Each structure stands twice: as C-alpha cells, then as structure tokens.
Amino acid sequence: MFDITKLGNTVVQVPDKLPVLPLRDIVVFPHMVIPLIVGRSGTLNALERAKSTDNLITLIAQKDGTVEEPSSADMYRVGVLGRIEQIMKLPNGLAKVLVEGLIRIKVTRYFKDGKSLRANIKILEDETVMTPPLEAARRHLTTLFKEFVALNRQIPDEIGMTIEHVNNPRRLSDFVIMHLNRDLREKQSYLETKDAYDLLVRLARQLNKEIEILNIEQNIEGKVKDKITKSQRNYFLQEQLRAIKKELGEDSDDDISDVIEYQRKVKKAKLPKEASQKAKEEIKRLENTPMMSPEATVIRTYLDWMISIPWHKTTKDNRDIENASFILDEDHYGLEKPKERILEHLAIIAIAGKIRGPLLCLVGPPGVGKTSLGKSVARSLNREFVRISLGGVRDEAEIRGHRRTYIGSMPGRIIQSMKKAGTVNPVFLLDEVDKMSIDFRGDPSSALLEVLDPEQNHAFSDHYIEVDYDLSQVLFITTANTRDGIPWPLQDRMEIIELPGYLHQEKYEIAKRFLFPKQLKESGLSEKQINLTNNAIHKIIERYTREAGVRELERNIAKIMRKSARVLISEKKNSLPLKIDTRTASRMLGVARYEERIIDGQDKIGAAIGLAWTPVGGDLLMIEAETMRGKGTLTLTGHLGDVMQESARAALTSVRARAKEIGFKSEEYLKQEVHVHLPEGAVRKDGPSAGITLAVTLASAFSKRPVRGDVAMTGEITLRGDILPIGGLREKLMAAVRAGVKTVIIPENNRRELAEVPLAVRRPLEIVSVKNIDEVFDIMLRPAKGIVKRKQKNVSDGKTIANDSLEK
C-alpha cells in the first residue's frame, strides 16, 4: 500500500495490485467522467474484483480493439487510475459503468488473474513547474480553444467559458484533448507525453489546423448561401422591374427575355387568327408568371407546340397521273383493281385541286401491300408521308390529346404526326383501323369520325391545342385486315377497296422482281454471286409458305441469302454464281412446312369436299359423316363455331325433308345417330358457306350413295334447300386450283363475281352455278350399289359458266 496525496484534499490508499479494465477505441484522461458499456466476461470479472479495492480500477486502452481477450502484449503501459462511480446491470447481460479518471499511472507489470488482468502500477505525479513560457503557452492554448469552440457548432458555448477557470497546464491539456476528434494512437501519445510545455505546443498546432478547416467549411457554406440569396435577390429585382415597366407602360426592344422571343416566333409563324390570339394570351400569362414557377414551364411547352405545328406550309402536288401509274406499277405487282381506284382518286384531286369524294380504306390480309401502297401514293404526289398504327389504341386522348390540366399532357397523335410531317397536306396512313378497342377512357373510333369526315375535319379540335386545326388538305388512307372490325360509322365514311391475296404466279413475279433483289442488296450480295432458280422460287412458295401476302416468302428468301453468304465465306467458292436450285433450297430451309393438298378424286360414302376462306387465302374443307344405331341425335366435332353448327342442323333438316328423293326412309333417322366431323380439329371453323357440303355429306351417309371425289362446292343452305351467295369466292377458287380440283359448284347469285376472278384461276376449272340443293344432289351423289337409279345428271347438264364469255 502507498498514499496518494494530490487528489484534492483527499488521501487515497491504492493497493499495489489493481484489476485492469481494457478500453476499446477510447482513451480516458484524468478528471474525465465517462459511461462505458461492458460485456466481456474478463471485464465483468474485473468490475467484481474492483469492489475489494474500494472501486479503484486501472483504465488502459487496447492497442487493437478487435481482440476479445487481450493479453499484456495487447495493452498500452500508460493509462489512468479510475474510480467506479456507478454500475447498472442491463437485461441482456451487459453492464453500464460510470467511471472517473483520477490520475495518470504507468503499468510496471501485467499478470493474469483468471479471465481478467491485474497490474502493478506506478503513479505519474504532476511535477510541472510554472514558468513564463509555460504560462504563455497555456494562455495561447486557452485563446485558441475559445475560437475553436466558437466555430464548432457541435460543442456548446459553455465549454469555452469553463476553460477560463482551468489554470493548471496539464489539466488544461487534458480538457482540450477530450474535445478533439483524434484517433486512438494520437490521443494515447498525448496521454504519455511528460513535458507539459511540449504538450501545450502540440495541441496549439492541432487547434490551428482545426480552426483553419472550420473557417474553410464556413466559407463554403457562405458561398452556397450567397448563391441562393443572390438568386432570390435577382428574382425579386426582376419582379420589381416588371411591375415598374407595367406602371410606366414601357417595353424594351432590347430585352432578350422569353416573352420577347416567343412574341417574335409567333409573329414569324403567321398563325391563323384564332391560334394567334390564343398564343398572345398565353404569352401575356407567361409575362405575369414567375419564370421559376411550374406553370411557366407548361406555358412555354404549349407555345413551343403552337409554333412548331405547320399552319400554312404545303408541298406542291405532282398531278401527273401517268407518273403516278408508273410509280404504283414500279412498287407493286398485280393489284390492278386497287391501283385503278387509287388513280381515279388522284385524278379527281388533280382536276379539283383539293380532296373530293370518300376516304379510301384498303382492306386485305397481312402482307399484301396495304401500307406500301400508301407510301407509293405519297411518292407519286410528292407529299410527305406519315403513318399512325391504331392497333390496340383504346383511349380517346390518343387521338384528341390530353387537356393541359394534367401533368405531362401533350397533343394527340394526329397533331403530333402533323408536326412530324411539317406540312399541312401530307399523305396520312391510319394503319390497322380495325384493331381499335373501347374501354372506360373513351372510344377512339368516335374521335376519328371528326378526323376523317370531310365535312368536319377543316375544324379538328385537339384538347391540348384548344383551337381548331384544318385537316382538310390531308389525304387520309386507312388500312384494315377485315372490314368486320371497322366500326360502322367509320365504314359509312369510307370506300372499301379489297386487296385480295396473291396468286401463285403473282407471288413468283413479286419474288423475282422485288423480294430477291431487295434481299440481295440487304445481304451485301449481287446477282453475280447468287443464282436463285425459278424452280426454287416455285418450291418455296408451294412448300414453305401458306399465306395471302408475301412476308413469309420474303423471310424464307432472306434465310437462303444468309446461308448462302456463309457458304461463300466459309467454303471460299471460286465458281460463281452460287446456284440455288430446289434441292439446295430444301437443304437450306429444312423440312417442308406444308404438304401439297391434292385430292385423290375417289368417290366416297359420307365424305365431301368443301371450300373455305381463311385470313391467309382459301383452303379445302374436308367433311366426314358416319351413322350408327342411336336415337336420332346429331354430333358435331372439329372445333366448329356457332354459325357452322346451326348450318349443319339446317342441312340435316333439308336432307330429311328430301329423304325419298335421296333414297332413304326419313323415319329411320330416329333409330340412328349421325356424327359429323371436320378434320384438323385444332383449327377453328365457322361460317355458313359449308351448308351444301354438309347437306351432301349427310345425304350420302344416310343413303349410302357415294359422293363424287373430283368436285368441290361452296354455298349456304336454307331449310327449303335454297342456296344463298357466299363470300371469298376468289380465294376459294384459288384453293381449288391448287388442290387439282376440276369442277366447282357455286351459288347462282355469285355468278356475277366471276368476272372479277382472274382468268388464270377460272381457266383450269369447270364452274357450275346452282340455285337449289336438289341440283347439287343430282350432280354429287352416285347411285348406291345394287340399286338401279334414274340417269344421273351430268355436270354439263347444269349451268356451266364459259370462261370466254366472261372475258367478253
């Protein structure tokens, strides 16, 4: 035991061995009171042992705070003697300890005491003698610390007042170090410094650096504040200047403000009277609106749209009809009727000087050239061309625009496209007009009525622009895949021009003249390198495509070009051109996707050949029927639509009403069950045009009379057996030619349409027109075996249409 006599007036007896409290990332100085959170088992053990030493404990910093169980090598040698003022145990097993640093000590020896450390210590007495240099250093440090506290917002001002009462140099240095944010090693070095003068000088240097950094921070903050204050000052001055000018009625021509610039642009744009008045009102609003306001941005955006939309600029029309005909023929093969109607429309424009007559609507399957026809019309007239795809549009605002009350509002697609065109008389193609839809946001087709109606579109109203816009000089052309999807009010304003699917020969010519050269160019090849034979083109059309247009055909030719390019590079062919014949084309394109559907011509019981229309052209429709014992029920399979199911029931009734003439007993039906099936069940089938084919199939199944296998038919049937006209005659006849059918039965009322069917389709066929199902039965049903029937009516006995007479 030995005595400590320099702790105020209190004499404290310190044992020669004290428990050690290792400190992590902190250095405790004399006269410093600090709370500590303790959780390590060795540290908790040291706290328990301190109870036997009058709550005295050694506070020493660890060299590395990550060490969980420090040894003597992990501890510094200089620390402070501390007194435990309070211990509070926490629920999670930790303890909160309040300790006070008393005086510097030095550890002479560490030794292990269970899980904790104990140490022999030596008191480091303060033997400082006050000298003039030391007093000067103390005063200087006091002054610097007061300045430091004044600049540092994180330290209360009371601390600066407290330091005035600290006269002891060592205690002053301890007080200053406590408020400096320095790392562990630097604070430990201050604690270990013996010379008080040297310690004060070091701290003075450190405070100077801190003061300099704080001054720089304040400068930066001041500059930012000055910038904000300057912007506010400029804003207020501008507002005052604007108010003064308004009072004086003065307006400076040299002012390059937004208002003056917009006034100049509006004057230069020469807007119509109504639009000019609206623009001037918005400019006046802009003048009275703060430039930093969001409303000013909305006004500027509106004025930009008003200025950029074409109001008067036009392109001069090329009214040379011969040139237009040449361009249409240059860009498209076939399509004679659509071209003729377009040229008639252009002729009226050339004579009248403005658009007259109904709107043109090109209706046809995908890939037949509807969009490209619109481009050709624009090229022939020397007009700008813009296209809007209406597929999936379901919001009226897409057409008319959004009102400016909405954030991010903008004009509709009509006005946007006019801005893109840059003239008031472009060719405007509205694509896929049959694919618009309706929901709670409105009906876009109703908004299109004003756009497309010549009596209204001279004053088209866009919700965003809010002034009438003249669309009367725009040549509108619409396209659709089917007319059924076009709303009736729109159809009423259109002239429908049907674009039928291409014939085999037409596809061949298109591939030869357009698609092959186009793909050669896009692939970087030339005709000197690739030779695509005619037979190869025919095979691609027959075995790798089944479409009304030519898109799939173009994709297959592109695929051949890619594979040919690879062959030319990898095999370094010396013999050019590379010949692509049918065998090479098959190897490049893989297994044929479609088989040729050729009829076998054999007569069969309960099986007949019909003709169907599909979006990609015509096709054969095979119908089968079988009877068996039952209760007179009719079963229909093959993914049939409601209309075709109703047609089958009508055909059954018509057949039963003619049971005697056909050759079976009507009452036998009640003892039988009939099953009608249309193969290719995954493909949906619908429509009434298979009525006579269903009737012939059922009649054959009941009477066991074979059906002619070399004849195909189409026509809708009534209960009385009358045959009604059908649609898609051209496509159906094309399908019959492809399948090798020699004779086709059609309704009498469709005879007049044969004049529009190409001679290349009619020539291979014998086309018979009929009015009643009895005529069909006489032609299609052979006598049953073992039954002597009256002489069957030959095809030549019916009304056969002569192809030559149609040409005349």
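With a cut-off of 19 Å, note down the residues of the range 102-129 whose backbone N falls inside the zone around a label point 7 Å from the Cα of Thr193 toward its beta carbon. Label zone hits: 103-106, 124-129. Subtracting the Cα-Cα distance of Ala755 and Asn55 from their residue separation scaled by 0.36 nm leaves 240.0 nm. Convex hull volume of the C-alpha atoms in the range 541-699, normalised per residue: 136 Å³. Leu44 sits among other residues whose Cβ lies under 11 Å from its own Cβ, and their net charge, with Lys and Arg +1 and Asp and Glu -1, is +3.
In the full protein context, the chain carries 53 Å² of accessible surface per residue, based on a 1.4 Å probe and ignoring ligands, DNA and RNA. Here the Karplus curve 6.51 cos²θ - 1.76 cosθ + 1.60, taken at θ = phi - 60°, turns the phi angles of the range 453-470 into couplings of 7, x, 7, 10, 6, 6, 9, 5, 10, 9, 4, 7, 5, 6, 9, 5, 10, 8 Hz, with x standing for Gly and Pro. Antiparallel DSSP bridges in the range 332-476: what percent, to the nearest 5? Percentage antiparallel, nearest 5: 30.
The accessible area of Met628, taken with all protein chains in place and a 1.4 Å probe, comes to roughly 80 Å². Calculate, for Ala136 and Arg285, the FRET efficiency according to 1/(1 + (r/R0)^6) with r their C-beta to C-beta distance and R0 60 Å; round to the nearest 0.05. After rounding, the FRET efficiency stands at 0.25.
Which value in deg cm²/dmol, rounded to the nearest 500, describes the helix-derived mean residue ellipticity at 222 nm for the chain, given -39,500 (n - 2.57) per DSSP H run of n ≥ 4 and division by the residue count?
Working: 28 runs with 329 residues, N = 808.
-12500 deg cm²/dmol, from helical runs alone.
Beta bridges per DSSP, both residues in the chain: antiparallel share near 60 percent. With R₀ fixed at 25 Å, the C-beta to C-beta distance from Leu90 to Glu69 puts the FRET efficiency at about 0.70.
Classify the range 159-201 as rounded, prolate or oblate, taking a ≥ b ≥ c as the square roots of the eigenvalues of its Cα gyration tensor: rounded when a/c is under 1.5, otherwise prolate if a/b is larger than b/c and oblate if not. Oblate shape, in that a/c is at least 1.5 and b/c is the bigger or equal ratio.
Seen through its C-alpha gyration tensor, with square-root eigenvalues sorted a ≥ b ≥ c, the range 383-495 comes out oblate because a/c lies at 1.5 or above while a/b is not bigger than b/c. The simple spin-label model puts a point 7 Å past each Cα toward its Cβ; for Thr718 and Val567 those points are separated by 6.0 nm. Which one of Thr633, Phe664, Val674 has its Cα pushed farthest toward the positive end of the charge dipole of the range 633-699, where Lys and Arg give +1 and Asp and Glu give -1 at the Cβ? Value: Phe664. All other residues whose Cβ lies under 14 angstrom from that of Leu151 are scored, Lys and Arg at +1 and Asp and Glu at -1, for a net of -3.
What is the chain's relative contact order, in percent, from Cα pairs under 8 angstrom and six or more apart in sequence? Write down the numbers at each step before the final one.
Details: 1353 pairs, mean separation 53.1, N = 808.
RCO, the chain: 7 percent.
Placing a pseudo-label 7 Å from each Cα along the Cα-to-Cβ vector at Leu98 and Gln672 gives an inter-label distance of 11.1 nm.
Does the range 379-431 come out rounded, prolate or oblate, given a ≥ b ≥ c as the square roots of the eigenvalues of its C-alpha gyration tensor, rounded meaning a/c under 1.5 and, failing that, prolate meaning a/b above b/c? Note, shape of the range 379-431 comes out oblate.
Using a 1.4 angstrom probe on the protein heavy atoms only, could you order Tyr197, Tyr262 from most to least accessible area?
On the way: Tyr197 105, Tyr262 20 Å².
Final ranking, largest accessible area leading: Tyr197, Tyr262.
Positive-end ranking of Thr131, Met161, Ala61 along the dipole of the chain, with charges on Cβ about the Cα centre, is headed by Ala61. Each residue was assigned an accessible area with a 1.4 Å probe, and for Phe111 the value is about 40 Å².
Report the local net charge at Arg483: Lys and Arg +1, Asp and Glu -1, summed over other residues whose C-beta lies under 11 Å from its C-beta. List each step's numbers first, then the result.
Details: positive: none; negative: Asp434, Asp484, Glu498.
Charge balance near Arg483 sits at -3.
If one computes the Cα centroid of the range 286-312 and of the range 46-89, what distance in Å separates the two points? Between the Cα centres of the range 286-312 and the range 46-89 lies a distance of 73 Å. For Leu471, the residues 5 or more places off, or on other chains, whose built amide H falls under 5 Å of its own are His458, Ala459, Phe460.
Measuring against 30 Å, Cα to Cα, the residue pairs Lys284/Lys420; Lys420/Lys563; Lys512/Lys604; Lys518/Lys539 contain Lys420/Lys563; Lys512/Lys604 as the ones spanning a longer distance. A Förster radius of 30 Å, combined with the Cβ-Cβ distance separating Arg109 from Asn215, puts the computed FRET efficiency at roughly 0.05.
The values are calculated or read from the model by the stated rules, or taken from the named source; none is laboratory data. The structure displayed is predicted, hence computed values, not measured ones. Positions of Cβ are backbone-derived with ideal geometry, glycine not excepted, and every protein chain shown enters the neighbour counts. Surface accessibility is based on the protein's heavy atoms, side chains included, excluding ligands, DNA and RNA. Shrake-Rupley method; radii C 1.70, N 1.55, O 1.52, S 1.80 Å.
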